[in-house]
Structure formats: structure tokens, C-alpha cells
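One structure is given below, encoded as C-alpha cells.
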Amino acid sequence: MGGNQSVPKITAQDRAILDLKLQRDKIRQYQKKIQSVLEREHEIAKQQLAAEGLLLKTDGQLENLEKLVSTIEFSLIEVSVLHGLKQGNEVLKEIHKEMNLETVEKLLEETQEAREYQREIDEMLANTLTLEEEESVQAELKTLQREAIGVEHPEPSIKLPSVPTTEPVVAVPEEPPSVPEEREHIPIAA
């Protein structure tokens, strides 16, 4: 029996082929690892794109909500203005009920009558009294005043000078001395 089996001899060529096969296997493992990473990153990218699309939709909805809020606020202002106009119209109607044409015409007539009465009074007061009439009125006034105060003794009357009956003489002013023509006219600053 032969105890010696022959061991195949490994040549340099065999070793080179083995090294190349080992390198190939390592590259395939690295390739699988990179493929796995790429698949994972591809999935993340899909998720990010979906999230970005969702973000864009959310932005659109937010913009729509803001427009809706602005529209509602403006509508509330319009309703408030409309309510104010309605109240103003109702107040005007109430005022018009109180001021119908007949009332206004009557008021204008009364005002005209009051003006005419005042004009008559003014005309009466504007008429000059004669000196005797004025003295009579003054004496009657003093009597009424004494009666109102309760004084029975008449006061001594003070004799006032009489009013002149002729027009006053108006003095004619003298002509100012003539100014020589050689003198310059110098304007005075205001």
C-alpha cells in the first residue's frame, strides 16, 4: 500500500488564477454591497420625492386656506358696512317721518311770521321819538322802577342839557402846504 500519495504541485500560474478568483469574489461582494446601498438610497429618494410632493400639495392647501380667510374677513367687513348702511337708512326714515313736508312748511311759515314781527318791532324802535315823548317814557320808566323797588319818594330829577336841534357845522380842512416837485418820492417799506 502505498503510503505516499502524490500531492499535486501548485504552480505560480495556479496561484495567480486563485488570487484573481479571490479578487473577483471580493469585487462581487463589494458590488452586492453597493447594489444594496443603491437600492436603499433609491428607496429613500422615492420617499423624499413623495414627501416633497406632499409638501407642495400642503403649500397649495395652505395658500388656499389663507385666501379663504382673507375672503371671509373682507366679507365680514362688507357685512358690517352693509349693517351700518341699513341702520343709517332706518334712522333717516325715522327722521323723515318726524319731518314731513307739512311740518317743514308750517315751520317755515312760523319762521317767516317771526321775522316779520321782529321787523315790525325793529321799525318801531327805529322811529325816533320826539324829545317830549322820550322824557315822558323816561319819567314813566322811573315811576315803574320806584314802584318795583318800593320807593315812594321821588328822586330829585337831574336836569340834563337839551339835545341840539340844528346840524353841527363841519369845518373845512385847510389845504396842506405844497410839496416842491424836485423832491423824490421814496416808497416806505411796510
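The values are calculated or read from the model by the stated rules, or taken from the named source; none is laboratory data. This is a predicted model, so every value here is computed, not measured.
Working only within segment 71-103, note down all residues that are among the hydrophobic types (A, V, I, L, M, F, W, C) and under 27 Å from the mean Cα position of the chain (by Cα).
Step one: of segment 71-103, the residues among the hydrophobic types (A, V, I, L, M, F, W, C) are 72, 74, 76-77, 79, 81-82, 85, 91-92, 95, 99, 101.
Listed by number, the residues that qualify are ILE72, PHE74, LEU76, ILE77, VAL79, VAL81, LEU82, LEU85, VAL91, LEU92.
Which ones in segment 104-139 are over 50 Å from the mean Cα position of the chain (by Cα) and modelled with pLDDT of 90 or more? Full working, then the answer.
Of the residues in segment 104-139, the ones over 50 Å from the mean Cα position of the chain (by Cα) are 120-121, 123-139.
Correct list: ALA139 only.
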